[in-house]
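The structure appears below as structure tokens.
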Amino acid sequence: MKLENEFQPIREWAAEKGILAQSTIKKQFEKLMEEVEETRTAIKNENLEELKDGIGDCVVVLTNMAALAGMTIEDSINSAYEVISKRKGKMINGKFVKEN
């Protein structure tokens with residue numbers, strides 16, 4: 001798996017809205033925490049439509065954070081996947097716990 005430029009429309013939207021020119025990673029992190037809280041509420045309320053929206057909003061903000069840091073979200077995902085694809089571990093109480 002290798003992502004290349006799938007999130008470019010998000011970066012273009014963020015540039016058009018002034019997010020990439022006028023925001024900071026810190027401000028976008030604060031926005032991410034707002035979106036995570038909305039996602040948590042959707043899970044609590046078992047609202048799949050709001051959950052879908054919350055996950056998407058988080059991805060948008062993460063895309064913006066990566067761009068503000070001078071990288072792409074695709075590179076971040078590819079880098080993480082390269083590591084986790086080789087990771088060994090097991091499921092414990094619904095969570096994957098990696099071996100040390």
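Laboratory data are not the source of any read-out in this text; all were calculated from the coordinates shown. Source: prediction; values computed, not measured. Cβ sites come from the backbone with ideal geometry, for glycine too, and all protein chains shown count toward neighbours.
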Note to self: With the condition being out of contact with any strand residue (DSSP E or B) (no Cβ under 8 Å at 6 or more places or on another chain) and within 23 Å of M1 (Cα to Cα), I'd like the helices (runs of 4 or more DSSP H) fully within the stretch 11-100 carrying at least 3 qualifying residues.
What the structure shows: 48-68, 73-84
Check: Within the stretch 61-90, how many residues turn out to be more than 17 Å from S23 (Cβ to Cβ), among the β-branched types (V, I, T) and without any contact (Cβ under 8 Å) to a residue 40 or more places away in the chain?
Finding: 2
Next item on the list: Filter the stretch 1-24 for residues that are over 13 Å from V60 (Cα atoms) and in contact (Cβ under 8 Å) with a residue 24 or more places away in the chain and give the result.
Entry: M1, K2, L3, E4, N5, S23, T24
Next item on the list: Would you check which residues across the stretch 45-66 are under 11 Å from Q28 (Cα atoms), among the aliphatic types (A, V, I, L, M) and more than 8 Å from the chain's Cα centre (by Cα) and list them?
Entry: M65, A66
Next item on the list: Among the residues of the stretch 1-13, write down those that are more than 12 Å from T72 (Cβ to Cβ) and surrounded by 10 or more Cβ atoms within 10 Å (Cβ to Cβ).
Entry: P9, E12, W13
Note to self: Residue under question is T39, and the condition is that it be among the β-branched types (V, I, T), under 18 Å from I73 (Cα atoms) and either touching an Asp or Glu at 6+ places or on another chain (Cβ under 8 Å) or loosely packed, with under 14 Cβ neighbours inside 10 Å (or both); does it hold?
What the structure shows: no
